[in-house]
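Novice: Let me begin by handing over the structure; questions about it come next.
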Amino acid sequence: MMMKLSVALLAAAIAAPLASAFVPQPGTSASAIRSPSTELYISSWGVNGPPHRRQAEEEPNPAEKIQAYLKAPEPIAARDGLDGTVLVSGWVNSSERTDQFVFDMLNHEEAAFRFAKIVAFVDDEKFAKKRLIGRNARYTGLLDKLDIVEATGPGALPTKEQLAGVKHWVASVGNSLDAVKEIGDLVRSTDVENVSILLTDASSVTADAAKDVVEALTLDGDDKSYTLVAVGALKDTPEGSTPYSIDDMGTVNGTISEDETFSRDESIRLVTECLGLESGRNKALTFKECTDVNATEFKLVKGLREGGYSRPQEIDHMITKGPSAYIEACEQWTTKAPKRTQFDEWMKGEEEKLKVESAEAVQRKEKEREEARTQETEDIAREWAKRDFFRKGMSGEISDMTEEEYIESIWDRALFEGDLVWRQLNGVETNEEEELRDFKSKQEKKKQAMLERAKASLAELLDEDTVGAGKKDSDDDE
């Protein structure tokens with residue numbers, strides 16, 4: 001009994017420390033049971049280590065990542081006084097479309113416009129009412145602002161009396177430069193402060209004609225402003241479907257070719273947005289579709305849209321900065337690129353060495369291959385010549401030549417036969433009969449050339465001997 005008790009007490013004494021190694025005792029901290037050799041200290045610098053170990057993040061190249069150039073969209077400047085009455089002329093005169101979009105743009109609740117009245121100046125008032133007064137006009141609130149005024153005649157511009165009280169004017173004039181000039185005169189003599197004109201199918205407008213129009217449209221004073229937007233022939237495609245380029249009218253790039261086309265809705269978007277943008281004030285701009293995916297304009301417009309820019313912000317950026325600022329940013333990034341370190345230079349040197357060694361190895365192998373082919377061809381040629389010497393010797397055709405002399409005399413033919421056999425053995429396609437015929441033809445020409453040279457040399461020697469003999473006879477006579 002005493003033996004069992006002693007064993008039990010001994011087991012309990014051993015089990016106690018073993019149990020404390022896995023389960024903390026009450027009131028004992030975790031650090032008290034950890035061995036100092038197993039404690040893990042995490043650097044206060046974090047997992048990236050101290051700053052000198054961290055690699056500076058390189059600024060992306062804007063030429064490769066355009067979002068590195070574009071900043072976050074910011075509010076843009078709108079013109080002052082975008083309220084009161086706006087008159088719209090040149091639309092709602094065709095039975096093929098409603099031209100509702102231009103009125104939606106001027107009445108959009110998120111636009112900078114706060115017009116109290118929108119006047120549709122049309123050729124036929126009844127026709128225009130059928131086109132414009134509908135469910136959409138009621139739901140958007142356009143019906144509360146819309147007023148329809150009929151022109152004095154088809155295609156006529158509003159008179160001074162009809163422009164009374166009008167503060168802003170959006171006009172579409174087709175490709176009529178005279179209408180643009182007439183609008184300039186009307187704006188000068190009426191209450192209109194702000195006019196935006198759309199010139200469509202403007203391929204006939206030359207650089208000089210554009211300069212004249214811009215000069216005629218230039219308004220005196222700071223209280224009146226204009227915007228002239230010129231595009232190609234209109235087509236019915238969705239707005240914003242194709243990027244565009246912008247150039248100043250009156251410049252070489254500001255002209256439009258005959259095959260240029262432009263979205264009708266996009267042209268409306270541009271002429272109305274430019275009415276409200278401060279960046280569009282007193283500007284005559286040519287807009288052309290850009291379909292070249294590698295063009296700077298294409299990349300920039302696409303990048304602006306992908307970067308979350310609204311259409312007004314996008315157009316403002318293209319007018320104020322455009323591709324020139326982007327190209328300049330790309331050039332600046334190139335000049336600001338970090339200098340190469342010694343390690344970079346060493347790596348570059350090693351790469352150059354490797355390229356040179358690789359090129360030399362390729363050349364060496366090619367040379368060895370050519371030498372091996374030459375040697376194998378000559379061996380085959382010698383064997384062929386030996387067999388030919390033996391054959392002719394047995395038939396009695398050769399009696400006064402040694403084997404080496406015979407091989408030397410037919411060595412060209414032997415090399416031809418050796419090369420032919422080598423190519424056949426190495427799987428190269430050959431045409432033995434045709435090649436032999438060509439070889440014999442070349443040998444015949446070679447023989448003829450040698451014969452001609454020999455004759456010429458002999459003739460030259462004979463001439464020299466004749467001259468020498470004649471000179472000797474002359475001396476003897478004297």
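Novice: Which distance in Å, rounded to a whole number, links the C-alpha centroids of the stretch 410-424 and the stretch 88-111?
Specialist: Comparing the Cα centres of the stretch 410-424 and the stretch 88-111, I get a distance of 87 Å.
Novice: Also: Tell me, what are the semi-axes, in whole angstrom and largest first, of the equivalent ellipsoid of the stretch 196-288 as set by the roots of 5 times the Cα gyration tensor eigenvalues?
Specialist: Whole-Å semi-axes of the equivalent ellipsoid: 21, 17, 9.
Novice: Roughly how far apart, in whole Å, are the Cα centres of the stretch 180-258 and the stretch 327-381?
Specialist: Here the two parts' Cα centres lie 57 Å apart.
Novice: P(r) for the stretch 65-164: what percent of alpha-carbon pairs falls in each 10 Å bin, starting at zero?
Specialist: Taking all Cα pairs of the stretch 65-164, the binned fractions are 14, 40, 27, 11, 7, 1 percent.
Novice: To continue, here is another question. How large is the convex hull of the Cα atoms of the stretch 89-216 per residue, expressed in Å³ as a whole number?
Specialist: Dividing the Cα hull volume of the stretch 89-216 by its residues yields 120 Å³.
Novice: Quick one: which of 148-158, 398-408, 173-183 comes out on top by average Cβ neighbours within 10 Å, and what's the full order, highest first?
Specialist: Packing proxy ranking, top to bottom: 173-183, 148-158, 398-408.
Novice: If you average 1/r over all unlike Cα pairs in the stretch 399-466 and invert the result, what Kirkwood radius do you get in angstrom?
Specialist: 14.9
Novice: Separate question: Using a 1.4 Å probe over the heavy atoms of the protein chains, calculate the carbon and sulfur portion of the accessible area of the stretch 179-229 as a whole percent.
Specialist: Whole-percent figure for carbon plus sulfur exposure: 40.
Novice: Quick check for me: using +1 on Lys/Arg Cβ and -1 on Asp/Glu Cβ, what's the dipole size of the stretch 331-396 about its Cα centre, in debye to the nearest 20?
Specialist: For this selection, approximately 280 debye.
Novice: For the pair Gln424/Arg364, report the inter-label distance in nm, with labels modelled 7 Å from Cα in the Cβ direction.
Specialist: Roughly 3.6 nm, to one decimal.
Novice: Which lysines have a Cα lying under 27 Å from the Cα of Lys386, excluding residues fewer than 8 positions away in the same chain?
Specialist: Output for Lys386: Lys440, Lys442, Lys445, Lys446, Lys447.
Novice: Now, a different point. At 37 °C and 0.692 mPa s, grab the translational diffusion coefficient of the stretch 334-428 from Stokes-Einstein with a Kirkwood Rh over Cα pairs, rounded to a whole number in µm² per second.
Specialist: 186
Novice: Provide Trp422, Trp411 ordered by accessible surface of protein heavy atoms (probe 1.4 Å), highest first.
Specialist: Descending order: Trp411, Trp422.
Novice: Using a simple charge model, +1 on the beta-carbon of Lys and Arg, -1 on the beta-carbon of Asp and Glu, nothing else, what dipole does the stretch 202-244 show about its Cα centre, in debye to the nearest 20?
Specialist: 220
Novice: Further question on the same structure: Magnitude of the Cβ-charge dipole of the stretch 145-199, K/R +1 and D/E -1, about the Cα centre, nearest 20 debye?
Specialist: That gives a dipole near 120 debye.
Novice: Full extension from Asp185 to Arg437: what is 0.36 nm times the residue separation minus their Cα-Cα distance, to one decimal in nm?
Specialist: Gain in length upon complete extension: 81.6 nm.
Novice: Calculate the FRET efficiency for Glu150 and Asn294 from the Cβ-Cβ distance with a Förster distance of 51 Å, rounded to the nearest 0.05.
Specialist: 0.55
Novice: For Tyr244, list long-range residues whose amide hydrogen, built 1.01 Å from N in the peptide plane, is under 5 Å from its own amide hydrogen.
Specialist: The answer is Cys290.
Novice: Can I ask one more? For Leu277, which sequence-distant residues (separation of 5 or more, or a different chain) have an amide H within less than 5 Å of its own amide H, given hydrogens modelled in the peptide plane?
Specialist: The answer is Arg79.
Novice: Follow-up. Within 10 Å, count the other beta carbons around each residue, average over each peptide in 77-83, 315-321, 114-120, and list them highest first.
Specialist: 315-321, 114-120, 77-83
Novice: Then there's this: Quantify, in whole percent, the carbon and sulfur part of the accessible surface of the stretch 358-413 (1.4 Å probe; protein heavy atoms only).
Specialist: 48
Novice: Relative to the compact-globule scaling 2.2 N^0.38 Å, provide the ratio for the alpha-carbon radius of gyration of the stretch 283-376.
Specialist: For the stretch 283-376, the normalised Cα radius of gyration comes out at 2.09.
Novice: Once neighbouring chains are kept in place and the probe is 1.4 Å, which whole percent of the accessible area of the stretch 239-338 is contributed by carbon and sulfur?
Specialist: 46
The values are calculated or read from the model by the stated rules, or taken from the named source; none is laboratory data. These numbers come from a predicted model, not from an experiment. Cβ: placed from backbone, ideal geometry, glycine included. Neighbour counts: every protein chain shown. Each accessible area value is taken on the protein alone, full model and side chains, heavy atoms only, with ligands, DNA and RNA left out. Shrake-Rupley method; radii C 1.70, N 1.55, O 1.52, S 1.80 Å.
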